[in-house]
Amino acid sequence: MSYREQNYRWDYALKASPEELWPFVSDTNRFNRDTGVPAVKPAGAKERLSNARRRLQFSIYGMSVEWEEQPFEWLRPSRFGVVRKYSKGPMVELRALAELKPRNDGGTDLSYSVNITPRSTFAALIVWLQINLVSKKRFERAFRKYDEAVRTKAELPAQLVEIDEAAANRMKTVRAKLLDEGSDPEVVNRLISFLQTADDFSLSRIRPYELADNWRTSRRAVLEACLRATRLGLLDLQWEVMCPLCRGPQETDSTLHDITQQVHCETCMIDFTVNFDRFVELTFRPNALIRRIEVFDYCMGSPQWTPHIVAQQLMPAHNTRELNLALGPGKYRLRALELSGAREVAVSDHGPRSAELIIDESGWANDELELSPQSTLQVKNATSAEQLLILEQIAWSDQAATAAEVTALQIFRDLFSTEALRPGEQISVGTLTILFTDLRHSTQLYREIGDATAFGRVMNHFDVLKKVIADEEGALVKTIGDAVMAVFRRPSSAVKAMLTAQAFLAAPGPGTLPLTLKAGIHTGPCIAVTLNDRLDYFGTTVNLAARLEGLSTGEDVIISRALYDDPEVESFIRSEGLTTTKFEMNLKGFENERVELLRIARAKSATDRHG
């Protein structure tokens with residue numbers, strides 16, 4: 001027989017806004033740790049429960065506590081809560097709810113309530129003592145700390161970790177080497193400080209772009225510093241395979257060789273095919289010789305685990321809910337965890353301020369649901385089963401350093417030349433820009449100036465290409481005789497690199513023979529493979545790009561229509577006053593289609609035209 005329900009509520013006037021506080025307050029994994037909740041783990045035999053429910057347990061004061069946890073419900077950035085039903089321990093049920101309301105002065109009125117049903121009179125006393133003598137103070141301290149961190153833009157949480165002498169000496173040595181190798185001094189100093197003061201949560205999954213944004217510095221500088229720091233033993237890299245729906249890491253591998261194409265997400269009940277463009281992210285953690293970190297789970301269903309989900313509601317059969325939404329403009333998706341399909345949502349200033357949605361067994365409507373940023377959505381679960389409704393942003397965060405992007409950087413290929421997929425694996429990398437070059441009249445060059453001199457000039461031209469490619473955030477994949485294959489994430493970067501290289505090689509300076517560089521560029525989807533123990537690319541995009549270089553005279557660059565249609569490429573061509581000549585032709589291997597191409601070049605001056 002259970003005791004009557006105990007109700008507790010605390011109200012806090014905080015200075016930061018609900019939007020600013022949300023990432024911290026809704027991170028219940030961190031909040032539970034900060035307030036002294038023991039680490040949790042799955043309870044009993046592994047089994048799948050409906051709608052992402054979990055059976056969990058922990059031990060406190062020598063007592064085993066087990067419960068079934070319902071999925072968190074939330075509306076970002078205004079409220080979140082959870083219900084737990086206990087099979088062991090002093091409680092029968094716990095319901096927690098946090099609500100954030102904006103104040104006129106820009107701050108937030110935060111209320112945090114906990115409703116507990118004790119198992120007995122004695123259990124009620126234990127719960128009362130824990131809440132009033134321990135938890136109450138810890139709750140306020142945690143919320144105040146988050147508010148202060150938001151307002152001061154401080155690292156959260158900051159703590160001084162004792163580093164042993166060997167680790168301190170190693171960090172000092174690595175710092176000096178990073179500076180010698182050209183890493184940004186400010187970035188290096190902040191990275192060293194971060195490794196010394198951040199907590200284990202923050203260090204278990206270091207995202208370089210997120211750090212850069214927090215530090216308000218260059219993303220490229222932070223990524224390069226992390227890559228160099230890994231080679232020098234300060235960090236370890238890890239490849240995280242992300243589920244396309246919940247976007248949580250399903251596998252964490254130390255090398256590309258360990259990644260497989262097919263992965264299963266237990267939470268979302270899906271099998272998915274891995275691609276480098278979105279589903280594989282590079283993160284870092286401290287090397288164990290620098291600092292050993294241990295990460296425990298204090299909550300397994302935190303809203304902050306899935307920040308792309310703006311609303312999640314557990315709706316009983318034939319239940320109706322009214323959701324007051326605060327959304328940014330863009331594309332969203334409505335789905336239910338245990339129903340197939342989804343409905344697209346478009347949010348814009350021109351959208352209606354209210355709409356209705358019915359979930360039934362027949363599936364989702366095909367038309368796009370339109371909403372305004374501040375809107376009310378009336379949702380009815382017309383099915384005969386409970387449904388977990390999810391409203392999520394379709395766009396992925398741009399703070400991820402994806403495998404497609406990282407492996408297309410020259411610094412990564414230089415520092416981690418052995419990183420490759422296992423033989424036979426083929427993984428999509430999304431859209432890449434592929435460049436092929438070759439020297440014009442190179443055979444004649446060898447005859448005219450001798451093999452040794454010509455060979456040296458050709459090797460020097462590789463150095464020039466590698467530098468201009470790296471300067472434009474590309475990577476040299478391989479050399480084939482006098483030819484080069486390179487990759488870029490941005491089409492305009494490839495064009496800029498080639499025009500720079502052609503100009504430099506054509507006028508290298510006194511005492512050096514000029515070279516004429518032919519170049520062809522195409523952009524499109526590619527597949528990553530391992531060839532000759534190195535990461536390489538193949539597919540139709542690569543095949544077509546390889547055909548274009550031969551059409552160049554060396555005073556121009558041949559690009560495909562797909563490349564020209566890129567807005568950045570069009571803008572660059574206009575701003576630089578480049579000449580363009582469009583033409584069509586059949587290419588080897590593409591005989592059944594006429595390929596649209598463009599010849600682009602810098603306009604010749606009158607002196608050039610008349611000699």
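The values are calculated or read from the model by the stated rules, or taken from the named source; none is laboratory data. Please read all numbers here as calculations on a predicted model, not as lab measurements. Positions of Cβ are generated from backbone atoms using ideal geometry, with glycine treated the same way; all protein chains shown enter the neighbour counts.
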statement: Of (1) under 30 Å from the mean Cα position of the chain (by Cα); (2) surrounded by 12 or more Cβ atoms within 10 Å (Cβ to Cβ); (3) modelled with pLDDT under 95; (4) of a type outside the set (A, V, I, L, M), D367 satisfies every one except (2)
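Mind listing whichever residues of segment 206-252 are within 30 Å of E338 (Cα to Cα) and in contact with a Pro (Cβ under 9 Å, 6 or more places away or on another chain)? Show your work before the answer.
Just the residues of segment 206-252 that are within 30 Å of E338 (Cα to Cα), to begin with: 239-252.
The answer is E240, V241, M242, C243, R247.
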task: May I ask you to verify whether G106 is touching a Ser or Thr at 6+ places or on another chain (Cβ under 8 Å), surrounded by 14 or more Cβ atoms within 10 Å (Cβ to Cβ) and at positive phi?
output: no
- line: Wholly inside segment 293-395, strands (runs of 3 or more DSSP E) that include 1 or more residues that are acidic (D, E) are 320-326, 343-347, 354-359, 369-371, 387-393
- request: Could you please find all residues in segment 191-227 being of a type in the set (G, A, S) and either buried (at least 20 other Cβ atoms within 10 Å of the Cβ) or farther than 22 Å from E473 by Cβ (or both)?
  value: S193, A198, S202, S204, A212, A225
task: Have a look at R335, R353, R291, R343 and point out the one that is more than 30 Å from S384 (Cβ to Cβ), crowded, with 18+ Cβ neighbours inside 10 Å, among the basic types (K, R) and not assigned by TED's automatic domain parsing to the domain that holds S78.
output: R291
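Just checking, which of T523, T512 is assigned by TED's automatic domain parsing to the domain that holds R561, of a type in the set (S, T, N, Q) and at pLDDT 95 or above?
Only one candidate passes the filter, namely T523.
Is it the case that some residue within segment 168-180 is loosely packed, with under 15 Cβ neighbours inside 10 Å, aliphatic (A, V, I, L, M), in contact (Cβ under 8 Å) with a residue 60 or more places away in the chain and out of contact with any Pro (no Cβ under 8 Å at 6 or more places or on another chain)?
Step one: filter segment 168-180 for residues loosely packed, with under 15 Cβ neighbours inside 10 Å, giving 168-169, 172-173, 176, 179-180.
Keeping just the survivors that are aliphatic (A, V, I, L, M) gives 168, 176, 179.
Among the residues that remain, those that are also in contact (Cβ under 8 Å) with a residue 60 or more places away in the chain are: none.
Checked against the condition, which is being loosely packed, with under 15 Cβ neighbours inside 10 Å, aliphatic (A, V, I, L, M), in contact (Cβ under 8 Å) with a residue 60 or more places away in the chain and out of contact with any Pro (no Cβ under 8 Å at 6 or more places or on another chain), segment 168-180 yields no hits at all.
Which helices (runs of 4 or more DSSP H) sit wholly inside segment 82-194 and have at least 1 residues that are at pLDDT below 95, within 30 Å of R219 (Cβ to Cβ) and of a type outside the set (V, I, T)?
On the way: elements: 121-130, 136-152, 165-180.
Result: 136-152, 165-180.
Residue-wise test of (1) more than 19 Å from F412 (Cβ to Cβ); (2) surrounded by 16 or more Cβ atoms within 10 Å (Cβ to Cβ); (3) within 18 Å of the chain's Cα centre (by Cα).
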residue: A229; (1), (2), (3): no, yes, no
residue: L234; (1), (2), (3): no, yes, no
residue: V241; (1), (2), (3): no, yes, yes
residue: C268; (1), (2), (3): yes, yes, no
residue: F272; (1), (2), (3): yes, yes, yes
